[in-house]
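Throughout, read-outs are computed from the coordinates displayed, never taken from laboratory work. Model, not experiment: these values are computed from the prediction. All Cβ positions, glycine included, derive from the backbone under ideal geometry; neighbour counts span all protein chains shown.
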Amino acid sequence: MKPIIGVTASLIQGKISLDLAMANSILQAGGIPYILPYTNDQTVVDEMIGHMDGLLLSGGVDIDPTLFGEEPIPDLGEIVPERDALEMALIQRALKADLPIFAICRGIQILNVAAGGNMYQDLYSQESNLLQHAQRAPRTHLSHFVQTKENSLLRNITESELFKVNSFHHQAVKDPAPGFIISAISSDGVVEAIESQKHKYVLGVQWHPEFLTSFNEISMRIFTSFIDASIGK
């Protein structure tokens with residue numbers, strides 16, 4: 001049986017949206033993607049968690065900083081409170097159930113916040129001497145390097161200490177949540193991946209591997225590892 005992967009999606013002007021590349025990457029890796037509906041009914045959230053084999057947190061808009069104890073700074077972008085609320089609830093239940101979680105871009109940030117960590121609202125106004133993290137190039141372009149931590153889940157999956165990724169973000173993880181470690185950074189010290197040390201498979205990456213799986217072996221390995229973990233949940 002192929003594992004059922006619940007995928008969070010963007011909410012734009014009353015419409016739920018998910019890039020086809022995400023669905024195709026899950027299918028290519030052996031899973032079946034199901035787009036999760038928006039709801040504030042917590043019994044429905046419980047039911048959704050009970051019916052999925054893995055949770056994938058996709059990219060999207062900015063995150064409400066009051067969720068990690070800060071007020072909004074001028075360079076905070078658009079937020080969607082309904083999405084924040086849904087994903088916080090999903091993540092907390094998935095962590096409690098030890099459900100495999102794979103988080104991408106915005107996903108790594110909301111994962112960290114839901115688990116008790118924090119984040120940068122805007123890297124460029126809060127830090128200096130940074131790389132270009134919002135690349136002005138096609139989404140399939142590999143724009144900068146990330147370095148993985150020795151003996152981390154990510155290093156074991158990719159079998160690589162250093163590799164290139166694409167980059168489309170202005171927010172980032174600041175301090176990892178309790179029980180999480182930083183498993184990759186860029187050369188300017190920005191957090192590029194985190195993972196849980198308390199769960200069998202909880203991994204977040206700051207880049208967008210779903211746009212790379214058709215030609216990039218490392219990206220495909222990451223998706224495949226998540227699907228394999230979901231099969232054995």
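If you take every residue apart from residue 62 with its C-beta less than 11 Å away from the C-beta of residue 62, what net charge results, scoring Lys and Arg +1 and Asp and Glu -1? Local net charge: -3. By the count of neighbouring beta-carbon atoms within 10 Å, fewest first, 88, 1 end up ordered 1, 88.
Kirkwood analysis of the Cα pair distances in segment 155-233 returns a hydrodynamic radius of 13.4 Å. Taking the number of Cβ atoms within 10 Å of each Cβ as an exposure proxy, the fewest-first ranking of 228, 98, 53 is 98, 228, 53.
For the options 109, 92, 206, a Gaussian network treatment of the chain with springs between C-alpha atoms closer than 10 Å singles out 92 as fluctuating the most. Quick check: Cα centre of segment 180-233 to Cα centre of segment 56-80, how many Å? So the two Cα centres are separated by 22 Å. Neighbour counting of Cβ atoms within 10 Å sorts the residues 180, 68, 215, 223, fewest neighbours leading, into 215, 68, 180, 223. Placing +1 on the Cβ of every Lys and Arg and -1 on the Cβ of every Asp and Glu, with nothing else charged, gives the chain a dipole about its Cα centre of roughly 620 debye. Among residues other than residue 86 with Cβ under 12 Å from its Cβ, the summed charge is -2 (Lys and Arg +1, Asp and Glu -1).
Ordering 152, 109, 18 by Cα displacement along the dipole of the chain toward the positive end leaves 152 in first place; charges were set at the Cβ atoms of Lys, Arg (+1) and Asp, Glu (-1). Based on the Kirkwood approach, the hydrodynamic radius assigned to segment 1-109 is 14.5 Å, with every pair of different Cα atoms included.
For segment 100-233, the extents of the C-alpha atoms along the principal axes are 42, 35, 23 Å, listed from largest to smallest. Across segment 65-156, counting alpha-carbon atoms alone, Rg and Dmax equal 15.4, 40 Å.
Going toward the positive end of the dipole of segment 1-130, with +1 on Lys and Arg Cβ and -1 on Asp and Glu Cβ, which of 100, 38, 88 do you reach last? Result: 100, furthest along the dipole toward the positive end. The equivalent ellipsoid that matches the C-alpha gyration tensor of segment 4-231 spans semi-axes of 23, 21, 17 angstrom, in descending order.
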